[in-house]
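Here's the structure, in structure tokens; my notes come after.
The values are calculated or read from the model by the stated rules, or taken from the named source; none is laboratory data. Note that the structure is predicted; figures quoted are calculated from it, not measured. Cβ sites come from the backbone with ideal geometry, for glycine too, and all protein chains shown count toward neighbours.
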DNA sequence: GTTGTCGTTGACTGACCAGTCAATCCATCG
DNA sequence: CGATGGATTGACTGGTCAGTCAACGACAAC
């Protein structure tokens, strides 16, 4: 196949993905039809099935593209030699910036996958847990170093940390909470402060306490 | 109508609701058919439609029954003359105990309504926001009294508080997190400690700071 | 120009399932 | 009794939509 043709095909696939993202964000995954995606992309119905095996696969692709970037970011952050508090700040910052940069994408990821406990979250359970696991690892390391107290299991801390961020994003997505430049920047600090408030080793017990079962 | 007949009808309605709860918890709202509910309840298909206008109404009923109890609990808690931290502890405790007492019900409420941002959460948006509003009010009052610092808006605190609890329940529901008597009791303290850690007035600014738009 | 390869089209099919309804049952009451 | 009316039944309908497929088109290779 010529390079041009191959490139055109890749582009068309992208066009369909981007169109699907807009449609999913607007109507929701279950409420929209495959024909809505095709219309939005300006292609024939059948072409969606030329590039994807199913409607589900379109959403899976959108989710994984972004989630894998986030996992890589967490991995990279963890490798740096900085305090855990700063690592958590970087993770919160990345997620919040992702929302600022592409609200539709984050809306779809959260609403249709991450929070959709019965359907897509099941499919991507491992990818989602991998994020929890890495955050928990950051906390566990900080506990071992004495930066965080050990009263809270790392798993629990990871869950509440991510849960708090996700809920704030949900608040923005559905307009409970004002979302502007300033609010978003403040949110990064606040969510870290709130969670770390219960973790900071101020008067906390030393390490080697409380059992820590694997997530 | 005789009392016996009226009672029998009310009972049958309950039988259907309870069966629906089990089916929703097991298969998920969208994945189950109305006939599954009827089968589980041991009644004919059409009877479900005698007591409910639609499949949606069955879930709405289950959700509202429980949610209204929770709203009442929050209202009642707020009326008491106790520190805000203790009020938040009572709310976390109620939600966690609800899960302990009837895991299926909380699973369905969270998975199918509260977290189902595109469908039922829309319908019940006001009821859900009412809970946030009351929690935010508790925080705001504590800030006015100087118990909590004012760096965080009450809305933000309410969102992260509820988000953290919900995520922990989700962790239990899907087995990320061990859930036994001891863990559940610890969770009550931990979730309050984590959130209040960022709110406690230790070294915080005094009241009359930061604007507080209504949720 | 001819041929082969993909990209592209959109009408069609098959399955699914919420909700309807006409018929039947049966406790109660006059 | 027999009449009344709510409770109960389950076969059926209507609409929806994901996914298929046979045909067509456009471009590259030779």
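The residue list A:195, A:109 contains one member that is crowded, with 21+ Cβ neighbours inside 10 Å and away from every other protein chain (no Cβ under 11 Å), which is A:109. Restricting A:13, A:100, A:33 to residues that are more than 27 Å from residue A:171 (Cβ to Cβ), more than 14 Å from chain B (Cβ to nearest Cβ) and more than 12 Å from DNA strand D (Cβ to nearest atom) narrows the list to A:13.
Here is the figure for region B:130-156: residues that are within 11 Å of another protein chain (Cβ to nearest Cβ), in contact with a strand residue (DSSP E or B) (Cβ under 8 Å, 6 or more places away or on another chain) and under 19 Å from residue B:75 (Cβ atoms) total 0. Of the residues making up region A:78-97, those that are more than 14 Å from every other protein chain (Cβ to nearest Cβ) and assigned to a helix (DSSP H, G or I) are A:78, A:79, A:84, A:86, A:87, A:90, A:91, A:93, A:94, A:97. Answer yes or no as to whether residue A:75 is assigned to a helix (DSSP H, G or I), away from every other protein chain (no Cβ under 13 Å) and within 13 Å of the chain's Cα centre (by Cα). Taking the combined requirement at face value, the residue does not satisfy it. Of all residues in region A:50-63, at least one satisfies being part of a helix (DSSP H, G or I) and over 30 Å from residue A:172 (Cα atoms). The one condition from (1) without any contact (Cβ under 8 Å) to a residue 24 or more places away in the chain; (2) more than 11 Å from chain B (Cβ to nearest Cβ) that residue A:123 does not meet is (1). Is it the case that some residue within region A:10-22 is exposed (fewer than 14 other Cβ atoms within 10 Å of the Cβ) and touching a helix residue (DSSP H, G or I) at 6+ places or on another chain (Cβ under 8 Å)? No, region A:10-22 has no match at all.
Could you list, in sequence order, all residues of region A:161-186 that are within 18 Å of residue B:136 (Cα to Cα), crowded, with 19+ Cβ neighbours inside 10 Å and more than 7 Å from chain B (Cβ to nearest Cβ)? Residues satisfying the conditions are A:165, A:169, A:172, A:179. Using the structure shown, decide if residue B:43 is touching a helix residue (DSSP H, G or I) at 6+ places or on another chain (Cβ under 8 Å) and within 13 Å of DNA strand D (Cβ to nearest atom). Judged against the criteria, residue B:43 is a match. Of the residues in region B:141-149, at least one is in a helix (DSSP H, G or I) and either at pLDDT below 95 or surrounded by 23 or more Cβ atoms within 10 Å (Cβ to Cβ) (or both).
Of the residues making up region B:23-49, those that are under 21 Å from residue A:118 (Cβ atoms), within 10 Å of DNA strand C (Cβ to nearest atom) and in a loop (DSSP other than H, G, I, E, B) are B:29, B:30, B:31, B:32, B:33.
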